[in-house]
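Encoded as structure tokens, the structure appears first; notes follow it.
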Amino acid sequence: MNNYSLFLGKRFLILAGIVAIVYLLACISIWLGQNRLVFVPSKTIKTTPEDLGLSYQEVWILVSPDQPERLHGWWIPATSPKTGVLLYLHGNGENIGANVERAMEFHQLGLDVLLFDYRGYGQSEGKFPTETQVYQDAQAAWDYLVQQQDIPPQDIIVYGQSLGGAIAIDLAVKNPSIQGLILESTFTSMRDMVDHQGIYGLFPADLLLTQKFNSKSKVPALKMPILLIHGTDDPVVPAYMSQVLFDTITGSKQLFLVPDADHDNVATVAGKDYQQRIRHFIQLNPNSEPHIE
């Protein structure tokens, strides 16, 4: 082998070493910082219930005695006739200010609504959130309703949109006595989302994924009535994921697919039909047969 071949061989090894180091650093970065890829919080609240003409009360919820951070939220009391209480779990972006209009859809149906921010969002205290922490935050909000407001668990409906749907499913598994569960534009698991997005195909997702949100493995344990809502043109979370969840649920269930709706405009596109489906679900007999439309 001549000197030139040796030179090329050394250059190749050096280049391969650099690529391997860069790849390893990228893997470490994804493993350590993936919660910053999942959660997109904002501290600026742009809209309050007052802006929409809704009466409300500021709420501060202690996460737990061992975790002194407080969660900020809004209690939006129903006007009579009151039909129940709804715990609202929003998605991964912005904060409660971006969810007031959607929450108003439920308020108009006679529901008291508790809308709150996870740690790191809006005015809630705490550092950047993780999967474990948002589960804890949802439990704290649930405990606030049941223990401090003395609301019977069977009078509470839990609503989760997108990532909030995964949080709602985890909460429902731990608190099976809830009245019902509404899941809008949510996904099967973060692993499935990684496959769907495809941008991390070069990385060993099964080894690196720490924020799993594995709803698909949890829903078989749910026995309360469940309503799944999804836009058929959702570019973020494909509608087939709600179909998969629906097929996996063994209890009372409904699937409402909204033609031409995307990830965030389901209620707008569905119009009056959206509220009619919610109203029907609120009045749903827990022993009703599975239903799909």
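No value in this document is a laboratory result; all are computed from the given coordinates. Every value quoted in this text rests on a predicted model; they were computed, and no experiment measured them. Cβ sites come from the backbone with ideal geometry, for glycine too, and all protein chains shown count toward neighbours.
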Quick one: which residues, 5 or more positions from Ile156 or on another chain, have an amide H under 5 Å from its amide H? H modelled 1.01 Å from N in the peptide plane, none for Pro or chain starts. Gln179
For the pair Lys43/Gln243, report the inter-label distance in nm, with labels modelled 7 Å from Cα in the Cβ direction. 4.4 nm
Excluding Ser42 itself, what net charge comes from residues whose Cβ is under 12 Å from its Cβ, given Lys and Arg +1 and Asp and Glu -1? 0
Scoring only Lys, Arg, Asp and Glu (+1, +1, -1, -1) among other residues with Cβ under 10 Å from the Cβ of Ser162 yields -3
Would you kindly derive the ³J(HN,Hα) couplings of segment 207-219 from the backbone phi angles with the Karplus curve 6.51 cos²θ - 1.76 cosθ + 1.60 (θ = phi - 60°), listing them in order in whole Hz, with x for Gly and Pro? 8, 8, 6, 10, 9, 8, 6, 8, 5, 4, 7, 9, 5
Normalized C-alpha radius of gyration of segment 118-211, against 2.2 N^0.38 Å? 1.25
Neighbourhood charge, 11 Å Cβ-Cβ cut-off, centred on Gln67 and excluding it, Lys, Arg +1 and Asp, Glu -1: -2
Select from Ile157, Pro176, Ile96 the residue farthest towards the positive end of the dipole of segment 41-292; place +1 on Cβ of Lys and Arg, -1 on Cβ of Asp and Glu, and compute about the Cα centre. Pro176
